[in-house]
Structure formats: C-alpha cells, structure tokens
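*Asks:* Supplied in structure tokens, the structure appears directly below.
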Amino acid sequence: VGVLSAEQVDFSDVKNLGDLSRSGKINTEKARKEGRNGEAIICINPGGEETWPRLVSAHGQPNCPFVVMNNSYSTSYDLGNKKGFEEAYYLKRISKGFVFRAFPGPWEAYLEKPDGSVELLESYKTKPKLREVAELVRETSFKRYAIGNDRWMSG
C-alpha cells in the first residue's frame, strides 16, 4: 500500500502506522519512480476530481485499488463525483441531516432531530440526486418539528 498526499504531511508518522510500500507527495518524480507492481494507492486530499484520472495514470496500477480520501472540496453540486469513481465511504451534511454511504451498502438519508440524534429516513440502491435527498430530509423535518429543528437552538 502506498500513501500519497497533496498536503504537508509528516510521513514518518504515517510510516509508523503499518506496513507501507511507500509514502510521499503526489505527482512528484520520486513518487512515480517508487511505484511497485500490485500496489494499492491511498491518495489523501488529492484536489478536485478533474485531477483524479491523471493521478491514477501517474501512480495507479492495473487491477489495483486507487482510493481517494478526504477530498476537501467537490466540483459538482450533487452527491459524489462525476468521473465514475465509486464512493466507498461518503458523508455529506445537508440541511437538517446527512447523506451517508459505506460500500457496498446503500446510500442513506438521515434526519438530524432536535435532540441531536439521527433517524434513517430512506435507503437508495443507487446514488440519488442531492436535490431529491435534501428535499426529503428538509420536508420531513419541517412536518415533524416545524422551525424547532435547528441544531443551533437550545432546548
């Protein structure tokens, strides 16, 4: 397993976490040269999804996992990405709740209640549209709690 990042990371800390074949900054000559056959790659905060195919080309291996973690922003106004990468773990805050997915499970819409607990409202076999999920969660919240479901309000 190789760990690569666009961030300033103390890679000595990363190496202490387990058996890694390499670690370093993405798109560097050193990172490209150190690649090994059969190596899975974990790429931490690689940048916008428009760069992901180039990262796979530069650092990936045929038939080996290439995992993107903690991307700091999305270039789409929807759920996930538009480049065809599978979302293995996904959590997005939406108005009055969350959208969650843990591969290979379904996409799930959660309502955040006034007491801070959450309730599963809907499961989806395929990735839903953000608009669809946000509308369900927001309307359910309003029907049950009117304007009293605000995580910033006391009580």
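The values are calculated or read from the model by the stated rules, or taken from the named source; none is laboratory data. As the structure is a computational prediction, the values presented were derived from the model and not from experiment. Cβ atoms come from the backbone with ideal geometry, glycine included; neighbour counts cover every protein chain shown. For accessibility, only protein heavy atoms count, side chains too; no ligands or nucleic acids. Shrake-Rupley method; radii C 1.70, N 1.55, O 1.52, S 1.80 Å.
*Asks:* Distance between the C-alpha centers of the stretch 118-136 and the stretch 79-110? Whole Å please.
*Replies:* 9
*Asks:* Of (1) 1.28; (2) 1.40; (3) 1.04, which one was derived for Cα Rg over 2.2 N^0.38 Å from the structure shown?
*Replies:* Answer by label: (1).
*Asks:* Using a Förster distance of 35 angstrom, determine the FRET efficiency expected from the C-beta separation of V1 and K129, and round it to 0.05. If you can, show how the numbers build up before the last one.
*Replies:* Values: r = 34 Å, r/R0 = 0.97.
The formula returns an efficiency of 0.55 here.
*Asks:* Hey, can you find the accessible area per residue of the chain for me, probe 1.4 Å, expressed in square angstrom? Could the numbers behind the result be given before it?
*Replies:* Numbers: 9910 Å² over 155 residues.
Normalised by residue count, the accessible surface of the chain is 64 Å².
*Asks:* What lysines does K96 reach when the alpha-carbon gap must be under 16 Å and sequence neighbours fewer than 8 apart in one chain are set aside?
*Replies:* By straight Cα distance, K96 reaches K113, K143.
*Asks:* How much solvent-accessible surface does I94 expose, in Å² to the nearest 10, with a 1.4 Å probe and all protein chains in place?
*Replies:* About 10 Å², ignoring ligands and nucleic acids.
*Asks:* With a 1.4 Å probe and all protein chains in place, put V1, V68, V137 in order of accessible area, largest first.
*Replies:* Values: V1 70, V68 40, V137 0 Å².
So the residues, ranked largest to smallest area, are V1, V68, V137.
*Asks:* Tell me the relative contact order for the chain as a rounded percent, counting alpha carbon contacts under 8 Å between residues six or more apart. Working shown, then result.
*Replies:* Numbers: 245 pairs, mean separation 22.8, N = 155.
The value is 15 percent.
*Asks:* Here is a follow-up. Would you work out which of A146, Y89, I26 lies farthest towards the positive end of the dipole of the chain, given +1 charges on the beta-carbon of Lys and Arg and -1 on that of Asp and Glu, about the Cα centre?
*Replies:* I26
*Asks:* Under a crude label model (7 Å from the Cα following the beta-carbon direction), how far is N63 from E139 in nanometres?
*Replies:* Each label point is offset 7 Å from its Cα along the Cβ direction, giving 4.7 nm.
*Asks:* Let me ask something else. Mind telling me which of K125, K92, K143 comes out most flexible in a GNM of the chain, alpha-carbon contacts under 10 Å?
*Replies:* Among K125, K92, K143, the largest mean-square fluctuation in the Gaussian network model of the chain belongs to K143.
*Asks:* Over 24 Å between Cα atoms, which of K33/K82; K25/K129; K25/K92; K92/K127; K33/K83; K25/K125 qualify?
*Replies:* Values: K33/K82 29 Å; K25/K129 34 Å; K25/K92 27 Å; K92/K127 13 Å; K33/K83 26 Å; K25/K125 36 Å.
Violating the 24 Å Cα-Cα cut-off are K33/K82; K25/K129; K25/K92; K33/K83; K25/K125.
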